[in-house]
Amino acid sequence: MALLLRTLQKSRISPSHSSRTLISWVRCKSLLPNHQSRDVTTSPAKSPFRSNILRIIRNEIEYQSDYAPPHQPATEFKSFSVEDCPGEQCIVMKGKFGEDEDIKMEATMFDGFMNVPRAGLDASGHDVRLHISLLVDISKVDGSEEIEFLCSVWPNRIEIRKLYKLRRNKITGQPYMGPNFGNLKYDFQTAVREFLRVRGIDAELCFFLHEYMMNKDRIELIQWLRKLNSFISQ
């Protein structure tokens, strides 16, 4: 301040005027933003509740990644290509039979289960069998006709639930979708199962799908946990 007064005196400004100028300068300075305090301000610390959630999520990611870690999904099975749908609950399989048939299958992740008695004389309680829904689409190469099978895939067998006969070049309001497959005659059911079996839709496919979906379930879970962790961390 003394330096400022000396400077004002040298400039031949009266003391009263210099005092008023100094007061005005101090007042103006007090109204300016405090750049120093804003620059050193840090983001508030995470709350203990959020920190605890993040710790739990990260522990679960580590556990899922270390205990039976997922492996790279298969891209083919027998003559079928396998297309995973990351972030979705399905996969698509495509193949051919002969020269004039295209086969497309869409399988869900586990969407149901059933309890079954444990086998063996000393067994007690029940085991859980997981269920996969499978839509099998068999069409002519020219796209004129198509048959669809709605199936339940259990670990050791395929259960056909519905059989649809479609015509892609003919649009109808409410096409007849046929009876429940289980209500058809036994000989007819046997013939249809053989029809699918020779096209690779059999017990080996059941095993493949259940192994694939168990691996996919773990992959999707880890990805979901990572996205959740990223969201809460922000």
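The values are calculated or read from the model by the stated rules, or taken from the named source; none is laboratory data. Note that the structure is a prediction, hence the values are computed from the model and not measured. SASA here: full protein model, heavy atoms, side chains in, ligands and nucleic acids out. Shrake-Rupley method; radii C 1.70, N 1.55, O 1.52, S 1.80 Å.
Residues of the range 72-215: accessible area per residue at 1.4 Å, in Å²?
I get 62 Å² per residue for this part.
So between Asn52 and Ala191, what do we pick up on full extension, going 0.36 nm a residue minus the alpha carbon distance?
44.2 nm
What part of the accessible area of the range 138-234, given as a whole %, is carbon or sulfur when the probe is 1.4 angstrom?
56 percent
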